[in-house]
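Just passing along the structure, written as structure tokens.
The values are calculated or read from the model by the stated rules, or taken from the named source; none is laboratory data. Owing to the predicted nature of the structure, the values given are computational and were not obtained by experimental measurement. A quick note on method: Cβ atoms are made from the backbone with ideal geometry, for glycine too, and the neighbour counts reach across all protein chains shown.
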Amino acid sequence: MSDFLRIGKRKAPPASGSAAPPALPHFNINVTDGTLIPSTGDKSILSAWNISFFGAIAAIIILPILSPKPYLDILAVVPDGLVATFGVTIVSILFALVLGLLTGLGRIAKTKPINLIATIYVEVIRGIPLLVQLFYIYYALGPLLHLKGPASAVMAMSICYGAYMGEIFRAGIQSIPKGQMEAALALGMSRTQALWRIILPQTVKVILPPIGNEFIALLKDSSLVSILAVADLLRRGREYASTTFNYLQSFTIVALIYLIMTLFFSRLVGIMETRLRNHGQWHN
Amino acid sequence: MDNGIIRIKDACKHFGAVQALRGVDLVIAKGEVVLVIGPSGSGKSTLLRCVNRLEHLDSGEIWVEDDCVTSPHANIRKIREEVGMVFQSFNLFPHLSAAQNISLSPLIVLREDKAEAQERARALLARVGLADKEYSYPEQLSGGQQQRVAIARALAMRPKIMLFDEPTSALDPEMIKEVLDVMLDLAKEGMTMMVVSHEMGFARAAADRVVFMDEGQIIEAAPPDELFAHPKEERTQRFLNHIL
């Protein structure tokens, strides 16, 4: 995954003392894999997304019709791996969200040691490739921790994505105007109350799209766990290929299934993003 | 005047190299309405924000009733419950309806009964003339309406003191009056108010005293008619020439 965090400031917060009506600043946080996110502005049938998505679906239907021999067999075997792929992805993203929230809070904490720990975690984890982290937890720490493949996979993915989520949470929390915290404190709320009741509910709206993007990236990266004896989509394809030597056909199907999933989810995130931006109301 | 409800003694504060407050002394009596005026950067907003410790003083003391706000041992949350604040940019919570904005703090800070808090929120909305906006969200309200909700939100904590930080500066002219009317009512009911504002009409109608600040110091303080008609200091005169 390419990992950068872009915080686009659409509208500057109102400068105090100016007579302009105060508007909530609109922030856009993108943590993307670059080309994946479809441009929702492109409504034509021949948009890149439409061609890719429906092309992939057409291919996965037409190929078995044209040559049923390997393709139908592959389609009978390989999708078993979807359970593991989605299992690892969903469990990891949940843990990563919790870790990310804690990290994000740590990154903005005024207490020095907490801040330092959170920052070191983010720096260290972001500096090590995910594959190396997977190997480290499975092979190096696995014997000590008595972890099986799926557990190691989930642990490594959660820790890795937790660091990226931490940056999303930090940016999201910092995008909420300072006046919100001040108003909450002035009303007698504690910092914790203000955080949970005022700041975080507003943060969720800002960070939903980037978290959706992380979900897609994690879905793709989950293919790495096929190395750790986890029977995910990629590993099922490899198993089939190595017994039948139909490498081209097997990996074509595997690639098409990943492509359909990621394109589908990225469109979903795109729609969510537009909705939040255009009619970004809290109530409806 | 030493038994004032707010007592500020030798308040000093700087931001980096800028000295925002240079030894400010001010006592505000219970029920008094004090308007603080002065050029931008004169420290008037900073002074106001120090009263409920949104800013910390470098030195000096601020007392609210029998509590020292500036003491590190102060129960600042308890003090803030009794000191309501209204901001220039309203700072309503955008994810909550008008009524929820008002009832949230009574619910989670004062632990009021839910039905009671909602009932009071409705009553407060009616009081600021927005009885029909209970379910409206801040973005559906005009600036003047938002500011009136913000005043109702502060009042929901049953404060003894209200601080207003340029409450009408971000409003279109036609909306200023509706906010000032609400403030005027409050003043008539005997609320202690410290108001940073240049609304001279409000000063004449409601203020007991006008305090003129410049460069982090109080230059002079007097009842509005006296200060506007016969300022003692030349700096006050110059400032008044600009805004009157």
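Only one residue in A:R191, A:R170 is within 14 Å of another protein chain (Cβ to nearest Cβ), in contact with a helix residue (DSSP H, G or I) (Cβ under 8 Å, 6 or more places away or on another chain), within 26 Å of B:E55 (Cβ to Cβ) and not hydrophobic (A, V, I, L, M, F, W, C). Which one? So that I can check it myself, show each step before the final result.
Numbers: A:R170 fails: within 14 Å of another protein chain (Cβ to nearest Cβ).
The conditions single out A:R191.
May I ask you to list pairs of residues, at least six apart or on different chains, whose Cβ atoms are under 7 Å apart, with the first in region B:107-129 being within 27 Å of B:I176 (Cα to Cα) and the second being assigned to a loop (DSSP other than H, G, I, E, B)?
Final answer for the pair search is B:R120/B:A156; B:A121/B:A156; B:R122/B:E134; B:L124/B:A156; B:L125/B:E134.
So, A:R107, is that one away from every other protein chain (no Cβ under 14 Å), at pLDDT 55 or above and closer than 16 Å to A:P210 by Cβ or not? It would help to see each step written out before you state the result.
On the way: away from every other protein chain (no Cβ under 14 Å): yes; at pLDDT 55 or above: yes; closer than 16 Å to A:P210 by Cβ: yes.
Answer is yes for this residue.
Now for a different question. Take the conditions surrounded by 17 or more Cβ atoms within 10 Å (Cβ to Cβ) and more than 23 Å from B:L163 (Cβ to Cβ) and apply them to B:P231. Does it pass?
Numbers: surrounded by 17 or more Cβ atoms within 10 Å (Cβ to Cβ): yes; more than 23 Å from B:L163 (Cβ to Cβ): yes.
Yes, satisfied.
Filter the strands (runs of 3 or more DSSP E) completely within region B:147-244 down to those with at least 1 residues that are more than 16 Å from the chain's Cα centre (by Cα).
Numbers: elements: B:161-165, B:192-196, B:209-214, B:217-222.
Once the strands (runs of 3 or more DSSP E) in region B:147-244 are filtered for at least 1 residues that are more than 16 Å from the chain's Cα centre (by Cα), what remains is B:209-214, B:217-222.
Now a separate question. How many residues are among the small types (G, A, S) and more than 8 Å from chain A (Cβ to nearest Cβ) if we restrict to region B:52-91?
Of region B:52-91, the ones among the small types (G, A, S) are B:59-60, B:71, B:74, B:84, B:89.
Imposing the further condition that a residue be more than 8 Å from chain A (Cβ to nearest Cβ) reduces the set to B:59-60, B:71, B:74.
Residues meeting the conditions: 4.
Within region B:150-204, work out how many residues are in contact with a Gly (Cβ under 8 Å, 6 or more places away or on another chain), more than 18 Å from B:M85 (Cβ to Cβ) and of a type in the set (A, V, I, L, M).
So the answer is 2.
Same structure again: Can you name every residue in region A:194-205 that is buried (at least 21 other Cβ atoms within 10 Å of the Cβ) and more than 11 Å from B:F93 (Cβ to Cβ)?
Listed by number, the list holds a single entry, A:T203.
Here's another thing I want to ask about it. Quick one: B:S136 ticks every box in (1) more than 8 Å from chain A (Cβ to nearest Cβ); (2) surrounded by fewer than 22 Cβ atoms within 10 Å (Cβ to Cβ); (3) over 16 Å from the mean Cα position of the chain (by Cα); (4) touching a residue at least 40 places away in the same chain (Cβ under 8 Å) bar one, so which box is it?
Unmet condition: (4).
Related question: Just for helices (runs of 4 or more DSSP H) wholly inside region A:73-192: which have at least 1 residues that are farther than 30 Å from B:P106 by Cα? Let's see the steps before the verdict.
Values: elements: A:81-108, A:112-126, A:130-135, A:142-145, A:149-174, A:178-186.
The helices (runs of 4 or more DSSP H) meeting that bar are A:81-108, A:112-126, A:130-135, A:142-145, A:149-174.
Let me ask you something else. Here are the criteria: (1) closer than 30 Å to B:H95 by Cα; (2) of a type in the set (D, E, K, R); (3) surrounded by fewer than 22 Cβ atoms within 10 Å (Cβ to Cβ). Tell me which single one A:E214 does not satisfy.
Of the numbered conditions (1) closer than 30 Å to B:H95 by Cα; (2) of a type in the set (D, E, K, R); (3) surrounded by fewer than 22 Cβ atoms within 10 Å (Cβ to Cβ), the odd one out for A:E214 is (3).
Of the conditions (1) within 14 Å of another protein chain (Cβ to nearest Cβ); (2) of a type in the set (A, V, I, L, M); (3) more than 25 Å from the chain's Cα centre (by Cα), A:I176 clears all except one; give me its number.
The failed condition is (3).
Moving to a separate point now. Output the number of residues of region B:45-68 satisfying the condition of being more than 14 Å from the chain's Cα centre (by Cα), more than 14 Å from B:V27 (Cβ to Cβ) and crowded, with 20+ Cβ neighbours inside 10 Å.
1
Here's a follow-up. Applying the selection to region A:177-193, what residues are buried (at least 21 other Cβ atoms within 10 Å of the Cβ) and of a type in the set (A, V, I, L, M, F, W, C)?
Within region A:177-193, A:A183, A:A184, A:L185, A:A186, A:L187, A:M189 meet the criteria.
Out of curiosity, is B:G144 touching an Asp or Glu at 6+ places or on another chain (Cβ under 6 Å), within 26 Å of B:N91 (Cβ to Cβ) and among the small types (G, A, S)? Walk me through how you get there before you give the answer.
Values: touching an Asp or Glu at 6+ places or on another chain (Cβ under 6 Å): yes; within 26 Å of B:N91 (Cβ to Cβ): yes; among the small types (G, A, S): yes.
Against the criterion (touching an Asp or Glu at 6+ places or on another chain (Cβ under 6 Å), within 26 Å of B:N91 (Cβ to Cβ) and among the small types (G, A, S)), B:G144 qualifies.
Let me ask another. Within region B:31-46, can you find the residues that are touching a helix residue (DSSP H, G or I) at 6+ places or on another chain (Cβ under 9 Å) and of a type in the set (A, V, I, L, M)?
Result: B:V33, B:L35, B:V36, B:I37.
Identify the single condition in (1) within 30 Å of A:S242 (Cβ to Cβ); (2) touching a residue at least 12 places away in the same chain (Cβ under 8 Å); (3) of a type in the set (V, I, T) that A:T103 does not satisfy, given that it satisfies every other one.
Exception for A:T103: condition (1).
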